[in-house]
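Nothing in this text is a laboratory measurement; each read-out follows from the coordinates by a stated rule. Keep in mind that what you see is a predicted model, and the values were worked out from it rather than measured. Positions of Cβ are backbone-derived with ideal geometry, glycine not excepted, and every protein chain shown enters the neighbour counts.
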Amino acid sequence: MRAMVLESPQSPLTLRERSLPEPGPGRVLLRVGACAVCRTDLHLIDAELPAIRYPIVPGHEIVGAVAACGPGVELARGTRLGVPWLGWTCGHCRFCESGHENLCDAARFTGYQLDGGYADYVVADARFCLPVPAGIDDVHAAPLLCAGLIGYRALGMCGEAQRIGLYGFGAAAHLIAQVAVFQGRQCLAFVRPGDPAAAAFAMELGCAWAGGSDQPPPEPLDAAIIFAPLGRLVPAALAAVRKGGVVVCGGIHMSDIPSFPYALLWGERSICSVANLTRADGVAFMALAAKMPLRIEVQTFALTEANEALARLRRGELTGAAVLVP
């Protein structure tokens, strides 16, 4: 099998030939149909995440078909499954036992501690694989496995907010804006300043307003979700939300948040982060994606073009999500 491998910090991925892995107990071997590219993959390459294992195959938005099952797994060959970021948890800590397995201290993550989907095949724990909507093909389903799931969890942290600002209109925001509109909420998109194409795209997807992240909203927000990994957006979002509003930080890594006056936080405003996902999140979101009209914007790349896809993501040149196809 082929795999695009990160062999050292801050280096390009290298194409390697590897032996086909054998799935162990509780594991399943999937032939990868598509794997989306996530900004977290850039944080991995840039060594901005702790305790990275080298070499590692990135990729945690995987759709694949069952090729073989390990002991204890009974799945028909060809069954389609999704492999998300959360790849394994201990199952017995206070977080796992209270429905917060996303916070498990021993958790292992796909494409970070576990080899991921920038490859022809991937091995995954069958318990953490997710159903994939039958009406969505592999390429368009792949971004749902992280961009969609993290956006869905972030949206949940907004509570009953009706007017929601989305800072950074990339893979996650373009999906969750549609979910919010489907739920009867109003979305406002804050895009990179000087990017009219992104603003126009947001309006196409049902946003009520779109402008630069350096602009105030036309009306105070009930909540804001920050998908861009820029800490300086936190004070800007706080200034945009009403009293009692919440600012949700949706990324796994963010640059430092600058100091800001207490007056921005006062009035019972709050800041929270989203950490990973739970399997319950995945099942609920996939069921929702199966029943709502969802436009999933993708740009496809061959597996061997992974470095180009990552470079274009870094430069902000993508509309929607990049997806690798073996």
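Output wanted: per-residue J couplings in Hz (rounded whole) for the stretch 302-307, from phi through Karplus 6.51 cos²θ - 1.76 cosθ + 1.60, θ = phi - 60°, x for Gly and Pro.
Per residue, the Karplus-derived 3J(HN,Hα) values read 5, 3, 5, 9, 4, 5 Hz.
Lys and Arg at +1, Asp and Glu at -1: add these up for the other residues within a Cβ distance under 12 Å of residue 59 and post the number.
On the way: positive: none; negative: 41, 61, 115, 120.
For residues surrounding residue 59, the net value is -4.
At residue 137 and residue 299, where each label point lies 7 Å from the Cα along Cα→Cβ, what is the point-to-point distance in nanometres?
1.9
Within a Cβ distance under 9 Å of residue 123, other residues only, what is the Lys/Arg minus Asp/Glu net charge? Spell out each step's value before the answer.
Numbers: positive: 27; negative: 22, 115, 125.
Net charge in that neighbourhood comes out at -2.
Which net charge results for the neighbourhood of residue 95, defined as the other residues with beta-carbon distances under 10 angstrom from its beta-carbon, given Lys and Arg at +1 and Asp and Glu at -1?
-2
Going by how many other beta carbons lie within 10 Å of each one, how would you line up 38, 104, fewest first?
Numbers: 38 30, 104 21.
With the sparsest Cβ surroundings first, the list reads 104, 38.
Using θ = phi - 60° and the Karplus form 6.51 cos²θ - 1.76 cosθ + 1.60, what ³J(HN,Hα) does each residue of the stretch 132-142 get, whole Hz, x for Gly and Pro?
Each residue of the stretch 132-142 in turn: 10, x, 5, x, 10, 6, 4, 4, 7, 7, 4 Hz.
Of the beta bridges DSSP finds with both residues in the chain, what % are antiparallel, to the nearest 5? Please report the intermediate quantities before stating the final value.
Details: 27 of 55 bridges.
Of the beta bridges lying entirely in the chain, close to 50 percent run antiparallel.
What nm distance separates the two modelled labels at residue 16 and residue 162, each placed 7 Å from Cα along Cα→Cβ?
5.5
Between rounded, prolate and oblate, where does the stretch 149-273 land on the alpha carbon gyration tensor, with a ≥ b ≥ c its root eigenvalues, rounded for a/c under 1.5, else prolate if a/b exceeds b/c? Don't skip to the end; give the middle numbers.
Details: a/c = 1.43, a/b = 1.27, b/c = 1.13.
Cα axes put the stretch 149-273 in the rounded bin.
Residue 51 to residue 215: extension gain in nm, 0.36 nm per residue of separation minus the Cα-Cα distance? Each step should come with its number before you reach the end.
Numbers: separation 164, 0.36 × 164 = 59.04 nm, distance 3.76 nm.
Roughly 55.3 nm would be gained on extension.
Treat the count of other C-beta atoms within 10 Å as a stand-in for reagent exposure and order 17, 48 from fewest to most.
Lowest count first: 17, 48.
Between residue 263 and residue 308, what length comes free when the chain is fully extended (0.36 nm per residue of separation minus the Cα-Cα distance, one decimal in nm)?
On the way: separation 45, 0.36 × 45 = 16.20 nm, distance 4.35 nm.
Full-extension gain reported as 11.8 nm.
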